[in-house]
1. Only Cα pairs within less than 10 Å get springs; with that Gaussian network setup on the chain, which residue of 24, 177, 78 has the largest fluctuation?
2. Relative to the present Cα-Cα distance, how much length would full extension add between residue 187 and residue 37 at 0.36 nm per residue of separation?
3. What does the C-alpha gyration tensor say about the overall shape of the range 45-156? Classify as rounded when a/c is under 1.5, otherwise prolate if a/b is larger than b/c, or oblate.
4. Going by a ≥ b ≥ c, the root eigenvalues of the Cα gyration tensor, does the range 104-199 fall in the rounded group (a/c under 1.5), the prolate group (a/b larger than b/c) or the oblate group?
5. By counting other Cβ atoms within 10 Å of each Cβ, how are 212, 84, 175, 231 ranked from fewest to most?
6. Once you have all Cα-Cα distances for the range 155-228, histogram them in 10 Å bins from zero and send the whole-percent values.
7. Counting other beta carbons within 10 Å of each residue's own, what order do 52, 90 fall into, fewest first?
8. Could you work out which residue, out of 129, 155, 179, moves most in a Gaussian network model of the chain, that is, has the largest mean-square fluctuation with Cα springs under 10 Å?
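Coordinate-derived values only; no laboratory data. None of the values given here were measured: they were computed from a predicted structure. Cβ placement follows ideal geometry from the backbone for every residue including glycine, while neighbour counts extend to all protein chains displayed.
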């Protein structure tokens, strides 16, 4: 599975920061939050927003902090403690019960009678090791995301945690950003339920690869000629 986009790490960090509010908004919508993009933008920038539930404000701010954590720790290996830390940030301020700890009680999944097994730490560590052995970063990131989602490691916030962990791999490798477009979210959710039930990853992995990877060929801008700016008198610069 080749990279959809090829960037340097610095370019990918720039792209992530440039579009971070959009990624947070789409992640919030995927979790069923009712915030609009303007409301998400206002919350991100520390403004007060009327008629938005406190829990939704906390959720957006937690996603902001989680993204900051990911972008500041791109060299850290994606291991069990790292994933638990992401969930702890995503569920902070009492948003998620037991945030950062793997759940020790059964849960149900909306839209299906399938129930995930109780997560076992040793099995998760072994599973993460198998994922880490995948050669190409894009396939490794998508596989990790789907593994965490289906394991339902935590009491809540599994999709947010999974996508953030996957994007650490994407950004650190310069492969773009995984983000489910709003118009593709119903289809993604339907596929996700099918993946929960069957365990067959190939269909949803191909969907994420083709429809949910965002990025740009930023390096191409350096190959374009600059316009003639010799007429400008810039203080501190001497004209040749």
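1. It is 78.
2. 51.9 nm
3. oblate
4. oblate
5. Lowest count first: 231, 84, 212, 175.
6. 16, 41, 25, 10, 6, 1, 0
7. Result, fewest neighbours first: 52, 90.
8. The residue that fluctuates most here is 129.
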